[in-house]
Amino acid sequence: GMKQIQVRSQQRLYPVISREVRKAAIILMDELLQTDAYDLNILFVNETRMAKINLEHLRHEGATDIITFDYTTPTLLHGDLIICPPVANENAARYRVSLGREIARNIIHGVLHLLGYDDSELIVRKKMKRAENRLLQKLARRFPIDSLAHG
């Protein structure tokens, strides 16, 4: 099947290493999740752009760390992962982890949404968080996730 990952950074505040992000995402999709066919578009944007997307599409105020647009079909895992490094960096500082690690978590979180995980209610959110933590640990063993970005 089709296997495609596109990474673009449209923000300058935090250096995101697109090539490394792509490598990490490929390991996630091919090795950890063993996905047959996927088409992912990972886009890094600033807070202004993120707040605009959030308001237009989700009717929420302000910037958030990640928004996932899901176009998945029965035969193709397909979506846009829009990530905001300035917000991700705030979260990274709060949890005392690197920005690279937080971005890896964002990507995993977005992909889990495409796989049907839900974080709208507490019980399912806990289940999603467990899956997220497990995948993040596995990815960190296979790839230097701190190298994805510089905070």
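Return a yes/no flag: does the stretch 82-97 have any residue that is in contact with a strand residue (DSSP E or B) (Cβ under 6 Å, 6 or more places away or on another chain), in contact (Cβ under 8 Å) with a residue 40 or more places away in the chain and open to solvent by less than 10 Å² (accessible area, probe 1.4 Å).
Checked against the condition, which is being in contact with a strand residue (DSSP E or B) (Cβ under 6 Å, 6 or more places away or on another chain), in contact (Cβ under 8 Å) with a residue 40 or more places away in the chain and open to solvent by less than 10 Å² (accessible area, probe 1.4 Å), the stretch 82-97 yields at least one hit.
Look at the stretch 20-40 and say how many of its residues are open to solvent by 90 Å² or more (accessible area, probe 1.4 Å) and farther than 24 Å from ALA93 by Cα.
4
Quick one: would you say LEU43 is open to solvent by 60 Å² or more (accessible area, probe 1.4 Å) and touching a strand residue (DSSP E or B) at 6+ places or on another chain (Cβ under 8 Å)?
Judged against the criteria, LEU43 is not a match.
Looking only at the stretch 50-79, which residues are in a loop (DSSP other than H, G, I, E, B), in contact with a Gly (Cβ under 8 Å, 6 or more places away or on another chain) and small (Gly, Ala, Ser)?
none
I'd like the full set of residues that are touching a His at 6+ places or on another chain (Cβ under 6 Å) and more than 21 Å from LEU32 (Cβ to Cβ), limited to the stretch 57-105.
TYR71
Kindly evaluate GLU102 against the criterion of being among the acidic types (Asp, Glu) and either under 21 Å from ARG8 (Cβ atoms) or open to solvent by less than 20 Å² (accessible area, probe 1.4 Å) (or both).
Yes, satisfied.
Could you please tell me which pairs satisfy a Cβ distance under 8 Å, a separation of 6+ or placement on different chains, a first residue in the stretch 44-73 that is under 12 Å from PRO85 (Cα atoms), and a second residue that is crowded, with 16+ Cβ neighbours inside 10 Å and of a type in the set (D, E, K, R)?
Once the first residue is under 12 Å from PRO85 (Cα atoms) and sits in the stretch 44-73, its partners that are crowded, with 16+ Cβ neighbours inside 10 Å and of a type in the set (D, E, K, R) give ALA63/GLU47; ASP65/GLU102.
If the requirement is being at positive phi and either among the small types (Gly, Ala, Ser) or at pLDDT 95 or above (or both), which of these qualifies: ARG96, ARG105, ARG134, ARG141?
Going through ARG96, ARG105, ARG134, ARG141 in turn, just one is at positive phi and either among the small types (Gly, Ala, Ser) or at pLDDT 95 or above (or both): ARG96.
Among (1) of a type outside the set (Lys, Arg); (2) at pLDDT below 95; (3) over 24 Å from HIS150 (Cβ atoms), where does THR35 come up short?
(2)
The values are calculated or read from the model by the stated rules, or taken from the named source; none is laboratory data. Since the model is a prediction, treat every value here as computed from it, not as a measurement. For neighbour counting, all protein chains shown are included, and Cβ atoms are generated from backbone atoms with ideal geometry for every residue, glycine included. SASA here: full protein model, heavy atoms, side chains in, ligands and nucleic acids out. Shrake-Rupley method; radii C 1.70, N 1.55, O 1.52, S 1.80 Å.
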